[in-house]
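The values are calculated or read from the model by the stated rules, or taken from the named source; none is laboratory data. Every value quoted in this text rests on a predicted model; they were computed, and no experiment measured them. Positions of Cβ are backbone-derived with ideal geometry, glycine not excepted, and every protein chain shown enters the neighbour counts.
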Amino acid sequence: MAGKQYVWMDGKFVDSGKATVNVLTHSLQYGSGIFEGVRCYSTNKGSAIFRLGDHVERLFNTAKIHSMPLPYSKEEIVSAVVGTVRKNGIKDGYIRPFAFYNDTHIGLSTSGKKVGVAIAAIPFGNYFSNKDKGIRCKISSWHRINSQILPPMAKASGNYLNSIIASTEAKSSGADEAIMLSSSGYVAEGTGENIFLVKSSRLITPSDSSDILKGITRDSIIKIAEAMGIGVEEREVHREELFTSDELFFVGTAAEVTPILTVDNIRIGSGGIGPMTKSLAERYSGAVHGEEEAYVSWLTYV
Ligand SMILES: Cc1ncc(COP(=O)(O)O)c(C=O)c1O
């Protein structure tokens, strides 16, 4: 039987079943929470959290964008995350720091309202069940939110309704995941992943101007690729470039490196997992598991 699970809630560990809120909670009703998704991995020196400082930095940037006053320092959140992984004895897992308006008033105003922080850590494997074989994607009829509507660079709960509607559409048409276009019609990203194309042995990924969330995995893959001598272009990507790419893959904390086999039923490259996808996935896996000396500074050992 699985052991007890604990959630760090406003400075204390509570049984996960007791980490509850009132149904009228502002962030539950209006999607006004902000969060991070972080992974930890088993290494030969115990469990290690991947790029924790960068995730906490992004959480604080999201809070700033949405004028949410976080009641803890970055250092306190870092040590609470480490403590939560340790307390739950997680080896390979997913960590969810979440900050939210823990207040039951009905109005939209957030001013002066209590900000609560909760951190959960659970064992976690592949996000896509067929990750290792590759997945099928559909270009969504729903476009990615943009900075004139909701800031896509913030990792805020409400943004994910945009992701959920796109993912639901893709799944109902038999695909595994959606690819969303930016408001200008360029390729943006998946519903919870950034995307890379391989063309003529170079890597291409949508740039900031494509309404993306700037993923920490995206940054890791760019750095790993550059260290391998692979040229990387960050630029606007036309939808049709997806079809003519040699390889295509998603990256993200949850998705890790997930090969894409088809887009709108069009086969990408030769149809299997391409050699560059494979070598980047292997190098990334080595980095997160503490097997790559060059990247151990990305790990926080628990
Ligand atoms: C919309 C979106 N894009 C990209 C990503 C990948 O970001 P990261 O690599 O930091 O997990 C995520 C996941 O957080 C996401 O939700």
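Here are the numbers for the structure shown:
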| item | result |
| --- | --- |
| Wholly within the range 214-292, helices (runs of 4 or more DSSP H) carrying at least 1 residues that are within 16 Å of the ligand (Cβ to nearest atom) | 216-227, 275-288 |
| Residue count, the range 169-200 (criterion: away from the ligand (no atom under 15 Å from the Cβ) and either among the charged types (D, E, K, R) or closer than 14 Å to Phe128 by Cβ (or both)) | 5 |
| Qualifying positions in the range 188-197 - of a type outside the set (Ser, Thr, Tyr) and crowded, with 22+ Cβ neighbours inside 10 Å | Ala188, Glu189, Gly190, Glu193, Asn194, Ile195, Phe196, Leu197 |
| Some residue of the range 155-167 being among the hydrophobic types (A, V, I, L, M, F, W, C), more than 14 Å from the ligand (Cβ to nearest atom) and not assigned by TED's automatic domain parsing to the domain that holds Val85 | no |
| Count - residues of the range 153-200 that are in contact with a helix residue (DSSP H, G or I) (Cβ under 7 Å, 6 or more places away or on another chain) and hydroxyl-bearing (Ser, Thr, Tyr) | 4 |
| Among residues of the range 262-278, those that are surrounded by 15 or more Cβ atoms within 10 Å (Cβ to Cβ) and not aliphatic (A, V, I, L, M), counted | 6 |
| Selection from the range 1-52 of residues that are buried (at least 20 other Cβ atoms within 10 Å of the Cβ) and at positive phi | Arg51 |
| Lone qualifier among Gly158, Gly185, Gly116 - being surrounded by fewer than 21 Cβ atoms within 10 Å (Cβ to Cβ), part of a loop (DSSP other than H, G, I, E, B) and at pLDDT 95 or above | Gly185 |
| Filtered residue count, the range 42-56, keeping only those that are touching a Gly at 6+ places or on another chain (Cβ under 7 Å) and either near the ligand (Cβ under 10 Å from one of its atoms) or not small (Gly, Ala, Ser) (or both) | 3 |
| Residue that is nearest to the ligand (Cβ to nearest atom), among those in the range 201-213 that are under 19 Å from the mean Cα position of the chain (by Cα) and part of a loop (DSSP other than H, G, I, E, B) | Leu213 |
